[in-house]
Every structure is written in structure tokens, then in C-alpha cells.
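Input: a single structure, listed below in C-alpha cells.
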Amino acid sequence: MKRYFFNFFYFLLIPLILSNVIFDEDIDFQGQAVYISKSRLELGRWGARMSEAQKKDIAIRLKNRLEKEFILTFNKEESLFVEEEQLDAISGATDSWGKNFAAGENYKNVKINSQIQQQEFYGKKFLVKDNLQEINWTLESASKKIGNYNCYKATTFIPTEDLLWYSFSWSRMRSNDDSGSSTDNDSDSQVEVTQVEAWYTPEIPVRHGPSDYWGLPGLILEVSAGETTMLCTKIVINPSNKIKIEGPKKGTVLNKRGYQDLIQNKMVEFRNNRMRR
């Protein structure tokens, strides 16, 4: 991801708010952070055949999938990451199809290494319970300010399949098809990884962050991975209206691998049914 692509984010920053609070002594400490995400539209081989007007039209139609807003509510041990629902740019309705492969309500508990994420797939709810994503961060000396906060850089590499376990891609399905017909000599094939760059602030000494990201010595205010960057635009420490932080409770329980297998198998079934028709 080229950093210049997301420079426009900094024009959207509003002053970040921090109450005068001693974190270690405040047993009722709670915070809320608002993030905006921006993803680059990748059209692949199809893009080469399209005019600029066609590309612009697709970008408008997919705006609510490429640009999103989230709220992270957190205390010292727990966090809840929720997407703010948006209306479709064309129809005015919510993007029900896109929800099938978007990240759902995400609860994390860093004390007990636990994550619960609620996913909806074609009208059925699932509770995906698993350990937190293992992340081996490299802390770097680079620093910058995001809003009023001094932030420091950290980087890592995460297997792409682990990073997007809740989503589906035809290329991944084709890869699985190929592996099913491969010989044992192909078992050492390389795993695709995504480079992740994060900026965290020790001034808010919690180990939380947006999406599956966590584990740094301060709240993560910005993270870039693949074609997507998430940036914190507002923080409120100890809001007047406290929010109960708890994991979602409704849905069939699976782990991440089980959920990925479920959606892959279902999409193979859809593909085969369509081919027969």
C-alpha cells in the first residue's frame, strides 16, 4: 500500500479528546474511538477493459463497501468493535449482500486471549469463538502525531487467509481446488502474507485496536494492511454514558477455521448449482 494514497485522511482528522485521567487508578476507565476505513478498488484484469467513467460508476456503487465507519469501545481488558450501518449509495437500502463477507461485531478480551465475532451468512447468524489473532509486532523508532497524540510505528506480517478469515474470494477457492488435486510434493507451497503497518499511542496504555489488531503498548490509532487503511478520527475517554462491553451471544458456534470452511463449501455449492443450470 503506498502511503500517499491515504494522505487525504489527515484532512479529515478532528481534534482528539482526552480527559485528565490516571489510567492505572481508574477502575471504571472506558474509552470510545471512531475509525474511518478506506479501501482501494482493485478491478484486476477487468479494469484494463473499462473506461474511466465506468470505473467511477463502479466506485460510486461500491462506496459503502470501500468507505466505512466503526466505533471501538474499550476498557483495560475488553473491547467491542462495531461498524456503523450505512445506506447503499444507489438504492438507499442497507448493503445486505455485502454483509455476507464483511466483518461482524467483534469482541476481544486481551486478558484471557479470547475473541467472539458475530457473522451473518445468507440469513443465518454464527458466533465465531477463537483465540485472538497471533501478531508478532516489530516496534520501530519512527514517530508522528495523529491528532493530539504522539504515536509510534509498528510492523508485522500476517497470513492473508488469517487476516480475512470471515471473507470469501474466488481466487482462494481456485487455490483450494488446485491443492485438492496436487501431489504431496506440492505441500510446501508458499503462504500468502500481508504486510501490516500500525501506529499506536502509549498515551492511552491499552492493548486494543480496530478489527483483529491488538497487542501493542498503546491504543492503535492507524493501521494499513493490503488495500485498506483505518484511521482514528475521534477519541472520548470516560464518556458520560457508559456502554456495557460484552460479546455477542446469538448464533451457531464455530471457530475461525470452521467458519471459513462453511462459507467456502457453500460458495462451491452455489457455483456447482449454477453450472448445472
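No value in this document is a laboratory result; all are computed from the given coordinates. Computed from a predicted structure; not experimentally measured. Don't worry about glycine lacking a Cβ; one is built from the backbone with ideal geometry, like all the others, and counts go over all protein chains shown.
Points to keep in mind about this one:
- Extension gain from Glu77 to Lys125, taking 0.36 nm per residue of separation minus the Cα-Cα distance: 14.7 nm
- Backbone amide hydrogens, once placed in the peptide plane, bring Thr233 within less than 5 Å of Val34, Tyr35, Ile36, excluding anything fewer than 5 places away on its chain.
- Of the residues Lys108, Lys256, Lys266, Lys242, the one with the fewest other Cβ atoms within 10 Å heads the list, and the complete ranking is Lys242, Lys266, Lys256, Lys108.
- Between Thr252 and Lys125, Phe126, Leu127, the built amide H atoms are under 5 Å apart, and every one of these is 5 or more places off in sequence or on another chain.
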